[in-house]
Amino acid sequence: MKVRKTRNFAGVVLMAVLLAGGLTACAGNQKLSDKFDEAEVKAEAEEVIEILNDGDVDTLVDEKWNAVMKSMVGKDVLTDEILPIMEELGPFEEFDKEAVTGSTDKDTEQEFAVAVIRVQYEKRKAQFTISFDEDMKVGGFFIK
């Protein structure tokens, strides 16, 4: 059952990433736009992960998600699909490797900042790919 939930979750989140910004699940080679500050992108991505670690789906959706993400990956999806995965990882230990690149939606030409952060948890590592729009709202989210 857990494997099925994980696959279902991955499909939902991957779909949200693709539809939210026309992005891929991994960061591209595109240079970060001058519209973004790399340190701010890393800090925001870490904050999103910390909020998720705390299980605070209300804050995540209400304050961090952009409108497209809210419509695709709402509180129910986070509660039913993502929080169980977070529990399987165990307690948070530390942020590991971090990288920030840029991405552009081919259809709308909207620019995004993409943070890829590897996180060490007690039971195993997880890699988060989080895309931010120009308002620093999450426009794409993926856990691997």
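Bear in mind that the values in this text are calculations on the coordinates, not laboratory data. Please read these numbers as outputs of a predicted model, since none were measured by experiment. Note: ideal-geometry Cβ built from the backbone for every residue, glycine included; neighbour counts use all protein chains shown.
If we count other beta carbons within 10 Å of each Cβ, what is the order of Thr129, Thr108, Thr59, Thr101, fewest first?
Fewest-to-most ranking of Thr129, Thr108, Thr59, Thr101: Thr108, Thr59, Thr101, Thr129.
Which of Asp54, Asp133 has the fewest other C-beta atoms within 10 Å, and how do the rest follow up to the most?
With the fewest neighbours first, Asp54, Asp133 line up as Asp54, Asp133.
Along Cα→Cβ, 7 Å out, is where each label goes; now give me the distance between the ones at Asp107 and Glu88 in nm to one decimal.
3.0 nm
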